[in-house]
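The values are calculated or read from the model by the stated rules, or taken from the named source; none is laboratory data. None of the values given here were measured: they were computed from a predicted structure. A quick note on method: Cβ atoms are made from the backbone with ideal geometry, for glycine too, and the neighbour counts reach across all protein chains shown. Only protein heavy atoms, including side chains, enter the accessible area calculation; ligands, DNA and RNA are left aside. Shrake-Rupley method; radii C 1.70, N 1.55, O 1.52, S 1.80 Å.
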Amino acid sequence: MMMTMLTLHQLGVIVWIGGMFFAHMALRPAANELLEPPVRLPLLHQVLKRFFLWVWLAVISILVSGFWVFLGIMKGQAPMYIHLMAGFGLLMAIIFFYIYFVPFRAMGKALDQNDLPAAGSRMVMIRRLIGVNLVIGLVLAALGGLKLF
Ligand code: HEM
């Protein structure tokens, strides 16, 4: 059971962090360089719409498996890095929920109304927040791999 949970944990982490890394470090700069806002913003919105469906699955899988092992199996008696993972993992999930329900939803509405400046400013917000989650996620993944303290 523990191995199944840790596998789900790892798969969720790969999908979420890997997807954020690709979107932030490769897709977004290339789209900014090559595409004008009327094409770029709807493209990025469609990309995020598809990616976020998988992020929902990944977040649920990471939180359920993580807390199952941390509280169910370890009874909360775990090394420091797991406590950090639990706290900062929850913070990442809250940031994702915020992105999804606030700027991402507003960006969709702005695009429906052909309001490109509003859609663009929501995209800036989404990019910043994904940047924050990417940094926290990479640090947590490193802590999980190193099992430092
Ligand atoms: C997105 C946030 C998270 C990331 C990037 C992350 C990453 C990792 C990584 C890389 C491992 C090591 C996997 C292995 O070597 O098998 C791990 C293990 C673990 N994580 Fe997370 N994790 C996150 C969130 C959470 C949350 C919210 C919890 C809840 C308490 C949690 C609890 C655990 C536990 C209990 C282990 C097993 C440690 C062990 O094998 O002794 N993680 N995590």
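Rounded to the nearest whole Å³, what is the per residue volume of the convex hull around the Cα atoms of the chain? Working shown, then result.
Values: hull volume 14.1 nm³, N = 149.
Per-residue hull volume (Cα only) is 94 Å³.
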Among M74, L43, G89 the positive-end extreme of the charge dipole of the chain (Cβ point charges): M74
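State, as an integer percentage, the relative contact order of segment 2-146 based on alpha-carbon contacts under 8 Å between residues 6 or more apart. Present the calculation step by step, with values, prior to reporting the outcome.
Details: 106 pairs, mean separation 48.6, N = 145.
Once normalised by length, the contact order is 34 percent.
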Of all accessible heavy-atom area on segment 48-149, the percent that carbon and sulfur account for (1.4 Å): 72 percent
Under 22 Å from K75, Cα to Cα: lysines that are on another chain or at least 8 residues apart: K147
J(HN,Hα) series, segment 69-77, from Karplus relation 6.51 cos²θ - 1.76 cosθ + 1.60, nearest Hz, glycine and proline x: 6, 5, 8, x, 8, 8, 6, x, 8
Helical segments meeting 24 Å axial Cα length and Kyte-Doolittle 1.6 threshold in the chain (DSSP H): 80-99
Bins of 10 Å from zero: percent of alpha-carbon pairs in segment 74-131: 23, 35, 20, 14, 8, 1
Theoretical gain in end-to-end length, M1 to M125 [0.36 nm per residue, Cα-Cα removed]: 40.7 nm
Accessible area expressed per residue, the chain, with surrounding protein chains retained (probe 1.4 Å, Å²): 59 Å²
Net dipole in debye of the chain [+1 Lys, Arg Cβ; -1 Asp, Glu Cβ; about Cα centre; nearest 20]: 140 debye
